[in-house]
1. Across segment 95-119, what is the number of residues that are out of contact with any strand residue (DSSP E or B) (no Cβ under 6 Å at 6 or more places or on another chain) and not in a loop (DSSP other than H, G, I, E, B)?
2. Under 8 Å between Cβ atoms, which residue pairs at least 6 apart in sequence (or on different chains) link something in segment 219-246 that is among the hydroxyl-bearing types (Ser, Thr, Tyr) with a partner that is open to solvent by less than 70 Å² (accessible area, probe 1.4 Å) and at pLDDT 95 or above?
3. If a residue has to be hydroxyl-bearing (Ser, Thr, Tyr) and open to solvent by less than 50 Å² (accessible area, probe 1.4 Å) to count, how many in segment 119-136 make the cut?
4. When segment 97-133 is examined, which residues are found to be among the hydroxyl-bearing types (Ser, Thr, Tyr) and under 20 Å from the mean Cα position of the chain (by Cα)?
5. Among the residues of segment 243-254, how many are surrounded by 14 or more Cβ atoms within 10 Å (Cβ to Cβ) and either closer than 18 Å to Ala148 by Cβ or modelled with pLDDT under 95 (or both)?
6. Kindly provide the set of residues from segment 44-70 that are open to solvent by less than 20 Å² (accessible area, probe 1.4 Å) and modelled with pLDDT under 85, ordered by number.
7. Open to solvent by 60 Å² or more (accessible area, probe 1.4 Å) and either farther than 17 Å from Ala9 by Cα or β-branched (Val, Ile, Thr) (or both): does that describe Lys184?
8. Within segment 2-29, can you find the residues that are among the hydrophobic types (A, V, I, L, M, F, W, C), surrounded by fewer than 19 Cβ atoms within 10 Å (Cβ to Cβ) and modelled with pLDDT of 85 or more?
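The values are calculated or read from the model by the stated rules, or taken from the named source; none is laboratory data. Not measured: the values here are computed from a predicted model. Here the Cβ is made from the backbone with ideal geometry for all residues, glycine too, and neighbour counts use every protein chain on show. SASA here: full protein model, heavy atoms, side chains in, ligands and nucleic acids out. Shrake-Rupley method; radii C 1.70, N 1.55, O 1.52, S 1.80 Å.
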Amino acid sequence: MKYAHIIAAICEERWAIEPAKLEAIIDFVSDQVAGIKYSAEEVEARLSQARDKEIARREGAVAILPLHGVISNRMSLMDDISGGTSSEKFGRQFQSAIRDDQIKAVIVDTDSPGGAVSGTDELSAMMFAARGTKPIIAHVNSRASSAAYWIASAADEIVVTPTGSVGSIGVIGVHTDISGAMEKQGVRRTLIYAGERKVDGNPYAALPDDVRERIQARVDTAYDMFVRAVARNRNVSLTAVRDDFGKGDTLDAGPAVAAGMVDRIATLEETLQRFGVSQFQTPAKRRATAFEREKRALAL
């Protein structure tokens, strides 16, 4: 039962994440509980860890902050199986970039299926409050789903790469009943507690109807918070967010611009060039000099 604490964390959390990603995480943990083991390569393939270790960087006077992978308030929740971004750590990096007088613009390089509700609204509000200090651009390269869009929508401007997508505005609660798996292993867990609702929603039994209703109410509250934050961030009505921003689905780049979810379509390189920098570090003068040398050589 090495992963029982992660199962408990999944059950306690409300998720603003693509359903398929959450399902992949739950399936992975369930397999671990059942004794199925995966190699490091299989784990990476299932949970998309390839970009988890990317860190903030600078290009000229522009700070580029990665918002990649599964988002969690503190990554100790999921770090040992999925990596991702800590909203708490990202917030510190963002504040540092805003306070640095040498940084003239901040680009949030976003590629995330979303993550936990915890910490997401706080980070979104922090970014919204920083508007006006220096340009804050959320560049979606290539997806900003659920919690990632909740955060990205707080930027001054959202730019999406031509093949990108945004949205998945919704909240999920999940209950995992692992009693069957434990029974197969010959394990029976007894919870000894005080307080009528202390163990509601625990993963060692089926979910009663009244507990389900209380979880649903918490999910509804988080969804309302999500919708209100996006409406504030994008300066649109609550109805527009609920009815025109995908209704829980994602929208590709073109439809997202038409719906008002993002401001423009461009690559990350094009966004950087607007601020006079390039991720490829190829100054125009150097190219021109090489061209002149080639002309002289041809003349000779």
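1. The qualifying residues number 4.
2. Tyr223/Gly170; Tyr223/Val171; Ser237/Ala231
3. Final tally of qualifying residues: 2.
4. Once the filter is applied, which keeps residues that are among the hydroxyl-bearing types (Ser, Thr, Tyr) and under 20 Å from the mean Cα position of the chain (by Cα), segment 97-133 yields Thr110, Ser112, Ser118, Thr120, Ser124.
5. Total satisfying the criteria: 7.
6. Leu47
7. yes
8. Ala20
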